[in-house]
Amino acid sequence: MPGALQRPAVVSRVSDLIGYTPLLELAATETGSRLLLKLEMFNPTGTAKIRMARQMITDAEERGELRPGGRIIESTSGNTGLGLAVVAAERGYTFTAVVDHHASADKLRAMKAMGTELVYVADGGSEELATAAREELAEEMARGQDNTIFTEQHNNPSNGVGYFPVAHELHEALDGRLDVLVGAVGTGGGLCGTARELRTLIPDFTTIGVEPKGSIAFGGPAHDYYQSGTGTPEGAEIGALVDFGLIDEGVKVGDVEAFATCRAVARTGLLIGGSAGGVVHEALTRLAALPPGTTMVALVNDGGEKYLDTVFNDDWMHARELLVPATEREIDELLTKLRRNR
């Protein structure tokens, strides 16, 4: 459209490709309501989190905390680490990612390929999410070290600021017409950062936060879950960026439903990540009940290509009792019905 946000035709750095991600109409109702997906997997590294990774480093440089030849340390389940790996490689920094084996193996291999040092907090036999242990080790490694920063994504205000451009992209693409915003809640930066800036542009819309069942941001009970890069597991503190004043409703979606949604959406030709499956599941199940003409946007934070060995692997799903054909069939039928109205 004339005057629409767009990147230059030729760029000089990979990080210059961040942003301007497309919107896809996934489903609609007979009353004119529609579900649009903000496809953040079209960012470099296939994830939204490279937006805030770049912002955290840029702000640290401007404060003088990070200088040429410095070192970046972060606790990550994968996507933030991928973003930091890109920025560190471009700007000549050493990057150390503190990780556990809950993260997708492909994400870990990609970070290592870009020169990242991987430090594990758990042995190779454990798939448990070790957020608290990762945070403690990352903080300890950075303490007292010259020209070294622990970016601390869960409590770094730059995380939220990094998503302000998403609000402007949505405002311009939709000509200011957005009624419901749905997104995953992990660090809180993505959904709350977008919502905070979007409220300066579109004052009247509803924000729905989605976390996995087992996460504690919206209450208990706490238990393990397999959706990665989202939620707040037992033992971890809710991030300072989770602003409940910006979230009108907080909901939980289980792994079975989230992953069944990923697999159903894949049959439309689109691969989305595990936590995005939870977001899309919540959006799909609400769509038909919305007032006529509602525009709902779901933030899809990463693509499914990193989950071919997990979410899209029948053996992996069976072994964890996550493959429930009846649930997948139910979502398939709902999605097929709603897609006829587009």
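Please count how many residues of the stretch 295-324 are out of contact with any helix residue (DSSP H, G or I) (no Cβ under 9 Å at 6 or more places or on another chain) and in a helix (DSSP H, G or I). Show your work before the answer.
Start the filter on the stretch 295-324 by keeping residues that are out of contact with any helix residue (DSSP H, G or I) (no Cβ under 9 Å at 6 or more places or on another chain), which leaves 295, 314-316, 318-319.
Imposing the further condition that a residue be in a helix (DSSP H, G or I) reduces the set to 314-316, 318-319.
So the count comes out to 5.
Kindly check whether there is at least one residue in the stretch 179-200 that is assigned to a loop (DSSP other than H, G, I, E, B), touching a Leu at 6+ places or on another chain (Cβ under 7 Å), crowded, with 18+ Cβ neighbours inside 10 Å and among the polar types (S, T, N, Q). Steps first, please.
Residues of the stretch 179-200 assigned to a loop (DSSP other than H, G, I, E, B): 179, 185-188, 199-200.
Still in the list and also touching a Leu at 6+ places or on another chain (Cβ under 7 Å): 185, 187-188.
Checking the rest, the ones that are also crowded, with 18+ Cβ neighbours inside 10 Å come to 185, 187-188.
Checking the rest, the ones that are also among the polar types (S, T, N, Q) come to 187.
Scanning the stretch 179-200 turns up at least one residue that is assigned to a loop (DSSP other than H, G, I, E, B), touching a Leu at 6+ places or on another chain (Cβ under 7 Å), crowded, with 18+ Cβ neighbours inside 10 Å and among the polar types (S, T, N, Q).
All but one of (1) at pLDDT below 95; (2) open to solvent by 10 Å² or more (accessible area, probe 1.4 Å); (3) out of contact with any strand residue (DSSP E or B) (no Cβ under 6 Å at 6 or more places or on another chain) hold for residue 67; which doesn't?
With (1) at pLDDT below 95; (2) open to solvent by 10 Å² or more (accessible area, probe 1.4 Å); (3) out of contact with any strand residue (DSSP E or B) (no Cβ under 6 Å at 6 or more places or on another chain) applied to residue 67, the lone miss is (1).
Any residue that is closer than 25 Å to residue 299 by Cα and without any contact (Cβ under 8 Å) to a residue 12 or more places away in the chain - is there at least one of those in the stretch 175-186? First the steps, then the outcome.
Taking the stretch 175-186 and keeping what is closer than 25 Å to residue 299 by Cα, we get 175-186.
So of that shortlist, the ones also without any contact (Cβ under 8 Å) to a residue 12 or more places away in the chain come out as 175.
Checked the stretch 175-186: at least one residue is closer than 25 Å to residue 299 by Cα and without any contact (Cβ under 8 Å) to a residue 12 or more places away in the chain.
Quick one: in the stretch 262-284, which of the residues that are under 19 Å from residue 215 (Cα atoms) and either in contact with a helix residue (DSSP H, G or I) (Cβ under 6 Å, 6 or more places away or on another chain) or among the acidic types (Asp, Glu) (or both) is surrounded by the most Cβ atoms within 10 Å (Cβ to Cβ)?
273
Going by what's in this entry, would residue 106 be described as under 17 Å from the mean Cα position of the chain (by Cα) and modelled with pLDDT under 95?
Details: under 17 Å from the mean Cα position of the chain (by Cα): yes; modelled with pLDDT under 95: yes.
Taking the combined requirement at face value, the residue satisfies it.
Please specify each residue of the stretch 302-338 satisfying the condition of being open to solvent by 40 Å² or more (accessible area, probe 1.4 Å), modelled with pLDDT under 95 and closer than 21 Å to residue 25 by Cα.
If the condition is that a residue be open to solvent by 40 Å² or more (accessible area, probe 1.4 Å), modelled with pLDDT under 95 and closer than 21 Å to residue 25 by Cα, then 305 is the only one that fits.
Taking the stretch 258-280, which residues are part of a helix (DSSP H, G or I), in contact with an Asp or Glu (Cβ under 9 Å, 6 or more places away or on another chain), touching a residue at least 60 places away in the same chain (Cβ under 8 Å) and not hydroxyl-bearing (Ser, Thr, Tyr)?
The answer is 259, 260, 263, 264, 276, 278.
Check every one of the strands (runs of 3 or more DSSP E) wholly within the stretch 69-122 and list those with 1 or more residues that are of a type outside the set (Lys, Arg) and out of contact with any helix residue (DSSP H, G or I) (no Cβ under 6 Å at 6 or more places or on another chain). Talk me through it step by step, then tell me what you get.
Details: elements: 71-75, 94-99, 117-120.
By residue number, 94-99, 117-120.
Is at least one residue of the stretch 120-136 open to solvent by less than 40 Å² (accessible area, probe 1.4 Å), at pLDDT 85 or above and aliphatic (A, V, I, L, M)? Spell out how you get there, then give the answer.
Taking the stretch 120-136 first, the residues open to solvent by less than 40 Å² (accessible area, probe 1.4 Å) are 122, 126, 130-132, 134-135.
This time we only want the ones that are at pLDDT 85 or above, so: 134-135.
Cutting the leftovers down to aliphatic (A, V, I, L, M) gives us none.
Scanning the stretch 120-136, I find no residue that is open to solvent by less than 40 Å² (accessible area, probe 1.4 Å), at pLDDT 85 or above and aliphatic (A, V, I, L, M), so the answer is no.
The values are calculated or read from the model by the stated rules, or taken from the named source; none is laboratory data. Predicted model, so just to flag it, every value in this text is computed and none were measured. Neighbour counts run over all protein chains shown; Cβ positions are idealised from the backbone, glycine included. What goes into the accessible areas is simple: the full protein's heavy atoms, side chains included, and nothing from ligands, DNA or RNA. Shrake-Rupley method; radii C 1.70, N 1.55, O 1.52, S 1.80 Å.
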